[in-house]
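Colleague: Below are the structure tokens for one structure; questions will follow.
The values are calculated or read from the model by the stated rules, or taken from the named source; none is laboratory data. Since this is a predicted model, take the numbers as computed values, not measurements. Positions of Cβ are backbone-derived with ideal geometry, glycine not excepted, and every protein chain shown enters the neighbour counts.
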């Protein structure tokens, strides 16, 4: 019969053994001046700063609540097509070139405050979350277009283009 499995206790230094026999607690582990605690706190604060920077760099995307049907419905209501909605969603259009009227219509259609939409457009361009790629590295978003370039390259009819570019 095999001997029962036992868990080995970690070896202790003589000082730790004395402290345990004396009934005192080992308070050095929580001492803020301890090098280990300082390293752990530094790592914690570095990670916290990185997470804060990511949150600032990537504001909430108001388009993510839309499924494919919702995106098509949004495009139809705004007189756009799915490609132009995708460019807006993925921040592929320079925000300063998007007309105020278009921004207001999108904000109303998505039922989000204009400030949230403006913060979204001001973020960095992104690769769609649901996209699948066969590549060696992570794909990167290409350069942004002006609103006019985006409209002209989205396959809209000449009437749709004229309507959007007049705003």
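Condition check ((1) out of contact with any strand residue (DSSP E or B) (no Cβ under 6 Å at 6 or more places or on another chain); (2) at pLDDT 90 or above; (3) under 30 Å from residue 147 (Cα atoms)) across all residues:
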residue: 24; (1), (2), (3): yes, no, no
residue: 27; (1), (2), (3): yes, no, no
residue: 36; (1), (2), (3): yes, no, no
residue: 41; (1), (2), (3): yes, no, no
residue: 55; (1), (2), (3): yes, no, yes
residue: 59; (1), (2), (3): yes, no, yes
residue: 81; (1), (2), (3): yes, yes, yes
residue: 88; (1), (2), (3): yes, yes, yes
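Colleague: Can you tell me which residues in the stretch 80-120 are in contact (Cβ under 8 Å) with a residue 60 or more places away in the chain, exposed (fewer than 15 other Cβ atoms within 10 Å of the Cβ) and not in a helix (DSSP H, G or I)?
Modeller: 99
Colleague: Same structure again: Being assigned to a helix (DSSP H, G or I) and either touching a residue at least 12 places away in the same chain (Cβ under 8 Å) or exposed (fewer than 15 other Cβ atoms within 10 Å of the Cβ) (or both) is the filter here, so list the residues in the stretch 153-167 that pass it.
Modeller: 158, 159, 160, 162, 163, 164, 165, 166
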